[in-house]
Each structure stands twice: as C-alpha cells, then as structure tokens.
Amino acid sequence: MIFLNGEWMPIEQARVPVLDRGFIFGDGVYEFIPVYQRKPFRAVPHLARLARSLDSIGIPNPYSDAQWADILKTIIAKQSFDDQGVYFQVTRGVAPRDHAFPRNPQPTVFMMSNPLVTPSAAQYANGVACVTAVDNRWTRCDIKSISLLGNVLMRQLAAEHDAVETVMFRDGYLSEASSSNVFIVKDGVIAAPVKDNLMLHGITLDAVIDLARSSSMPLELRPITASEVWNADELWLSSSSKEVVAITKLDGRAVGAAAHLGKPGPVFAKMHAAFAAAKVASAQAQA
Ligand SMILES: Cc1ncc(COP(=O)(O)O)c(C=O)c1O
C-alpha cells in the first residue's frame, strides 16, 4: 500500500493530475529512509532534512515531524517485508502552468515503501567500479530536489560503463557522486568534502562521521582535490541504500594503496563493521 494525499491505496490505483507541478516543473522535494527489521534508521535527521528541503523552496510542510513519523510507522507496518526503503515526495501541487508559485498551493504528498536493495555481499567484499565526470549540475545540490536530470545523466554515464556511480569534480574539487557521498582515506585519515551547497548533506555521511568519531578513527572535513582522489589509499561511497561501500576501480584503474590495490582497505573494513553494528544497535534501541 502507498500513501497519497492522506489516503492509502495499492500503487496501481494511485493517480496524480498532469498539471501537478512535480510533473510539469520537477517542483518538489523527496526523502528516502532505510528501514532495518521494520525500524527506520536515523529517521529524525531524515525528517529534519525533508523539512529543510521544503523550507528552502517555499513549500509549506504539510505535516509536523510527529505526523510524518506516524505515517512512516504506518507505511512500514503495511508492508509484508522487514527491510524497506521508504520514499517520500512532496510537490507544490496542482495549478495552471505558470513558473511562479500558485497562491494557495496544496502540496501533493506521496509515500511508498519498497524492499531495501543494498549492495551484494560480493560488492561489500570486493568494492565497486565508478567513473568520473565534471559536475555540471546547479549550485543548490544541498536541496533534495526531485529535479534530478543532472544526477540521472551522471548515473546513466556510470551505467553505460558497467559502473555503479559517477564521482564528480567541480573546479577540480570532489563534490559527490550521482546519488552518494564520497570519502577518501589517506595515511589512515578519513576525509570528506565540507558540507556546502554543492553536495547533498547525506544522512549516511553524518552516520559515518559519527561512527568515525566514536571509534576514534581520524576524520577531516575539508576541500578535497581531484588529485587527492586519484592518489587515495581508499575511496568509499555512502548513501541510505548503499550504506558504506568501497570504490575499487575508478575509470577502469585499480584504486588504493599498494598493499590492497583494487581491494577494499583496512579502514573500510573497520567502518563497515562499525556500520553493521550501528544498524543492529539502532533497531534494538527502537524494539
Ligand atoms: C546526490 C546525492 N548525494 C548523496 C546522497 C546520500 O544521501 P543519504 O546518505 O542521505 O542517502 C544521495 C542519496 O540519495 C544523493 O542523491
């Protein structure tokens, strides 16, 4: 069952008018929350980011955090599977086509939950291939906008090269990947770009930062040059569906320090274990 504007229905019955501004302009935002064993992982920061995204484009938040949490709980309970990926989308609603905002917008609210698809055991064990490109997207990548054409084209580039992601550089600096954040590791120090308007402030990125700090793993948030990426000992992707996975091939070249060239490194192994423990702890804390 899916949720559409206050009602529950099978997805086949869900209908949205063609004048919805999400369809016409991509005028809306979305969120995606991973659910392990029927317990959402980091729901509070995800809902806070949804509120920020709505606020940054001037769509009134249709629900309080408590109401969102309630709908989230209900949609999880309505599914037959335990590990889920809950997708939320809010658009500026239906109005005659005009770029400027309608006067009294009635946001369209859609939520669905699908089985959570995470990387395979082989991908965690061996890492994944990525390609690189110049980041040609707009400069409000911090808004989780449904206008994803730039990200779609980047992800397609990866797909055409049998890669899982495209790692992007803007003005010679690492920004992110088409639907993931990117970390480097050099000499045992984990680094990620400073959270600014040129990248999505990933909830998984924050989870990794928190885990690094609580596990006394050195971590820096700072601008990262393309050459640092190319010379890193390890590269990682993070996202709500990928969790943390190592990049072991970039533009066809093996990634990493000589001791584990083309294989996930030791810092990844430690973070992967910490992340797995955090998922279990989170589900237990909500039991
Ligand atoms: C462009 C982009 N960057 C980063 C991320 C990772 O964010 P999160 O960890 O909150 O899933 C996503 C997730 O969809 C994304 O689309």
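Quick look at the numbers
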read-out: Which listed residue is open to solvent by less than 70 Å² (accessible area, probe 1.4 Å) and within 20 Å of the chain's Cα centre (by Cα), from T91, T108; value: T91
read-out: Residue that is nearest to the ligand (Cβ to nearest atom), among those in segment 160-197 that are under 15 Å from the mean Cα position of the chain (by Cα) and acidic (D, E); value: E176
read-out: Conditions (1) open to solvent by 50 Å² or more (accessible area, probe 1.4 Å); (2) more than 30 Å from A276 (Cα to Cα): number failed by A66; value: (2)
read-out: Candidate set: segment 255-270, residues that are touching a strand residue (DSSP E or B) at 6+ places or on another chain (Cβ under 7 Å) and not in a loop (DSSP other than H, G, I, E, B); chosen: the one most open to solvent (accessible area, probe 1.4 Å); value: V267
read-out: Some residue of segment 244-252 being surrounded by 14 or more Cβ atoms within 10 Å (Cβ to Cβ), closer than 21 Å to H46 by Cα and modelled with pLDDT of 95 or more; value: yes
read-out: In segment 213-236, residue farthest from the ligand (Cβ to nearest atom) [restricted to those that are part of a helix (DSSP H, G or I) and open to solvent by less than 40 Å² (accessible area, probe 1.4 Å)]; value: A226
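The values are calculated or read from the model by the stated rules, or taken from the named source; none is laboratory data. Since we're looking at a predicted model, the values are computed, not measured. Backbone-built Cβ (ideal geometry, glycine too); neighbour counts: all protein chains shown. For the accessible areas, the whole protein counts, side chains as well, though only heavy atoms, and no ligand, DNA or RNA atoms are used. Shrake-Rupley method; radii C 1.70, N 1.55, O 1.52, S 1.80 Å.
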